[in-house]
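A quick write-up on the structure given underneath.
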Amino acid sequence: MNRAVRIDIGICTFRRPQLEQTLRSLAELQVPPQIGLRVIVADNDSAPSARALVYALAAGLPFEMLYVHCPASNISLARNACLEAANGDFLIFMDDDQEIVSSDWLTEFLSVANATGADAVLAPVLAIYDDAAPRWMREGDFHSTYPTLVDGAIRTGYSGNTLLRLASPVVAGRRFSLPLGRSGGEDTDYFTRLYRAGGRIAYAPDAPAREQVPAHRASFSWLAMRRFRSGQTHGRLAAEGRSLPALARESLLALAKAGYCLGSALLSIASTGSRNRHILRGILHVGVIVGMLGVREIQQYGDDVVAEEPMEAPIEGKRHAA
């Protein structure tokens, strides 16, 4: 890169003390001298609960910081607040419960972005399990996130470890769906629409983020709920613009896939991990059918707090020096 490049890193947070680990891991990044780096923390709590922590850390971190209070309990509000505040060439989203990124995380992301010219770049999110997590879950790695290829292309994405090219015409002005901010699926919706608008999504396999799996997510019931909701989102998006005969065909196909998964689960009943994987896949296909029928995604997050306007508070921090 022959010119200065400005990068914003957007971190959406909601009452998670792991935010400190995330920010400290960013302090270890290798940042080339022509890169200007800023971190935006979007606090999605009804009260500005992360403000004190962010302000306390800011003076000791080697990058500029911006704190944005964007209540409440709607992740799309927080993601959109990051998009509104971002003024760099790129915005990289990461979650507040991602413990660490490697020192070359940023350079790997930029390398793929520059080599491909893509509008968005996804990188893997690798799960870290406690010993208390079920063995079948740890061995099967049910929580890590990778992009899915369809006919050689990435057609949707996630926002846990993702770069956006802010000058791209399919990114500029695009926002996350507020109704989906409490159900989840807002990122699938966002990236599916970006792709349908002509956007290109690339993959940076060597820029992983590592995420601790909390105890309440280390259960079959949580995975089942997540798979069902994911299926609903995919089904709703797949149904858009389809005729009734086409919807009927797609629904029958999803039903057949769910039946196949059930049969596969019965055949692998002796293997807990394999059986559960097939069951969860079948639950996803059932969610697809429900989504195609127009049933909105189940609400998984948030409470009935009225959203307020985001409040920005710049923090004096050090700019990274080469």
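Evaluate the stretch 59-75: report whether one residue or more is hydroxyl-bearing (S, T, Y) and either modelled with pLDDT under 95 or surrounded by fewer than 17 Cβ atoms within 10 Å (Cβ to Cβ) (or both). Taking every residue of the stretch 59-75 in turn, at least one turns out to be hydroxyl-bearing (S, T, Y) and either modelled with pLDDT under 95 or surrounded by fewer than 17 Cβ atoms within 10 Å (Cβ to Cβ) (or both). Counting residues in the stretch 251-261 that are at positive phi, outside the structural domain of F191 (by TED's automatic domain parsing) and out of contact with any helix residue (DSSP H, G or I) (no Cβ under 7 Å at 6 or more places or on another chain) gives zero. Scanning the stretch 51-67 for residues that are under 16 Å from R15 (Cβ atoms) and either touching a residue at least 40 places away in the same chain (Cβ under 8 Å) or in contact with a Pro (Cβ under 6 Å, 6 or more places away or on another chain) (or both) turns up R51, V54, Y67. In the stretch 224-241, the residues that are closer than 16 Å to Y158 by Cα form Cβ pairs under 9 Å with partners that are of a type in the set (K, R) and surrounded by fewer than 23 Cβ atoms within 10 Å (Cβ to Cβ), at six or more places apart or across chains, as follows: R226/R217; R227/R281; Q232/R296; L237/R193; L237/R196.
Screening S271 with (1) at negative phi; (2) assigned by TED's automatic domain parsing to the domain that holds A172 gives one miss only, at (2).
The values are calculated or read from the model by the stated rules, or taken from the named source; none is laboratory data. Remember, predicted model here, so these are calculated numbers, not experimental data. Cβ sites come from the backbone with ideal geometry, for glycine too, and all protein chains shown count toward neighbours.
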